[in-house]
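Taking it in order: structure first as structure tokens, then the write-up.
The values are calculated or read from the model by the stated rules, or taken from the named source; none is laboratory data. Being a predicted model, the structure only gives us computed values, none of them experimental. Heads up, the Cβs are rebuilt from the backbone with ideal geometry, glycines too, and the neighbour counts pull from every protein chain shown. Accessible surface areas use protein heavy atoms only, side chains included; no ligands, DNA or RNA. Shrake-Rupley method; radii C 1.70, N 1.55, O 1.52, S 1.80 Å.
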Amino acid sequence: MRAIVSYGVAGAIVVVGALWLGSGVFVAGGNGPGKGERPIISFFSKDAEGAETTHHPAAEGAVDPALTIAQRVAEASGASAPAQSVRTETYTMQAMPVEVPLRGRTKAKNVTTITPETSGVVTAVNVTKGQAVKAGDVICTLEEGTRAAAVAQAEAALAQAQTAYDSNKALRDKGLAASNTGIAAETALRQAQTAFDQAKQEFDRAKVTTKIAGIVQDPVATVGSVLSPGQACATVVELDPMLFVASVPEARIARAELGLPAKVETVTGQTVDGKVSYIASLADDATRSFPVEIEIPNADGKVLSGITATATVTMGTVPAHLLPQSVLTLNDEGTLGVRSVKDGVVEFYPVTIISDSREGVWVTGLPPSIDVITMGQEYVVPGQKVNATNVTGKPDSVEAEAAADGVHS
């Protein structure tokens, strides 16, 4: 009895093993992909003439075990596969701003040393460091000395010459004096006027004024010091407008133009709009870049000179497409691109990324208008027919989700 049970169990194992082996694939190594695969059942099935028969379970609606993985994928997703549902969105070409980032610093447009035009002892300093001044404000005052007396003497001589000229003119008008006598009187009057103007100008030079508005900085003269022409009474820094100075790489200098808009941001968190006001014609020998200046308004004087800052200069536009990064994919050769649908057929377009932004990636290489597959692009191949649902301008909804039920996720 024990032998009967043992033989029965062994026979059952043999039958089950035979059935399992008959449903599998025999692989002979060294023959390349697919070339060494044969259904095991083909070793036992013979046709009427004794030849091995080929089993086609795929014809019965099942997967043919004789097919390789690549053949099964091609059969399921190739051009002959059933139409698959995908979601598309229309993207059109638009102008992409070409922005060049620059790193530099702020710089005062003018730093002027206020000096007297004459010599003298400083009797008064009318400003302090950090004080804001306007054009025409008196910075220092020098002693008058003999300047006031010279003005008074020149004024008296001018009055005398004017009286002599008026008297001579009255006599000439009455015919009591020769007409040529007026030349000497007029010459004397002009000489007296010139002497008075010079004396008055020398007197006014005792008040040293600024020609620009700005902030007073060192050095500032002290009372009692003796100043000569060229020696500093004070320094005035002009803060409005302020300049941003940096260098443009030689690869981008061809697009640089005066008046281009720019946005300057300082390390202190200030953001100011400005325009390119200067482009150097000579490159720096060490960096092969061209110095540029951006003029920015600074009426409140909050942007100080010498602060590290960055600027973004808009140097025109180029035609490109703005796409979400999620639609980018690779083809079988590893080329970056997008899959699109045209007349119900999938197409692949290689693209070149030229810029990245928060809104997406800017790419070139696409036609002006294109229906890009935004969902399901990884499950279709070029040449495959698909059922495309275009959702351009439509918010996500139940209907849009239902239209893409066939899309694998």
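Per-residue Karplus couplings for segment 373-380, computed as 6.51 cos²θ - 1.76 cosθ + 1.60 with θ equal to phi - 60°, are listed in order as 6, 9, 8, x, 5, 7, 10, 10 Hz, Gly and Pro entered as x. Net length available on complete extension from Thr123 to Asp343 is 70.1 nm, with 0.36 nm assigned per residue and the Cα-Cα distance removed.
Want the number for Thr364 to Glu155: 0.36 nm per residue separation, take away the alpha-carbon distance, what's left? Spell out each step's value before the answer.
Numbers: separation 209, 0.36 × 209 = 75.24 nm, distance 8.04 nm.
Full extension of this stretch gives 67.2 nm more.
Given in Å, the Rg to one decimal and the Dmax to the nearest whole number for the Cα atoms of segment 226-362 are 23.1, 92. Going by a ≥ b ≥ c, the root eigenvalues of the Cα gyration tensor, does segment 295-339 fall in the rounded group (a/c under 1.5), the prolate group (a/b larger than b/c) or the oblate group? Prolate shape, in that a/c is at least 1.5 and a/b is the bigger ratio. For segment 185-212, backbone nitrogen atoms closer than 17 Å to the point 7 Å from Lys169 Cα along Cα-to-C-beta are found at 185-194.
When the inverse distances between all different Cα atoms of segment 135-197 are averaged and flipped, the Kirkwood radius reads 13.7 angstrom.
For segment 348-385 versus segment 132-187, the inter-centroid distance based on Cα atoms is 86 Å.
Mind checking the full-extension length gain between Val245 and Val9? Use 0.36 nm per residue of separation minus the Cα-Cα distance, one decimal, nm. Don't skip to the answer; put the middle values down first.
Working: separation 236, 0.36 × 236 = 84.96 nm, distance 9.25 nm.
Full extension from Val245 to Val9 adds 75.7 nm.
Accessible area per residue for segment 212-334, computed on protein heavy atoms with a 1.4 Å probe, is 52 Å². Expressed in nm², what is the orientationally averaged projection area of the convex hull enclosing the Cα positions of segment 166-248? Mean shadow area of the hull around the Cα atoms is 12.0 nm². Taking trypsin sites (Lys or Arg not before Pro) across segment 302-374, the ones in a DSSP loop with at most 10 further Cβ atoms lying within 10 angstrom of their Cβ are Arg358.
Students sometimes get this wrong: rank Glu89, Glu265 by accessible area, probe 1.4 Å, all chains present, largest first.
Numbers: Glu89 55, Glu265 95 Å².
If we order Glu89, Glu265 from most to least accessible, we get Glu265, Glu89.
Around Ala256, with a cut-off of 14 angstrom between Cβ atoms, what is the net charge of the other residues, counting Lys and Arg +1 and Asp and Glu -1? Every neighbour counted, the sum reads -1.
Taking a ≥ b ≥ c as the square roots of the Cα gyration tensor eigenvalues, with a/c under 1.5 meaning rounded and otherwise prolate when a/b beats b/c, else oblate, which class fits segment 321-363?
Working: a/c = 2.54, a/b = 1.54, b/c = 1.65.
Oblate.
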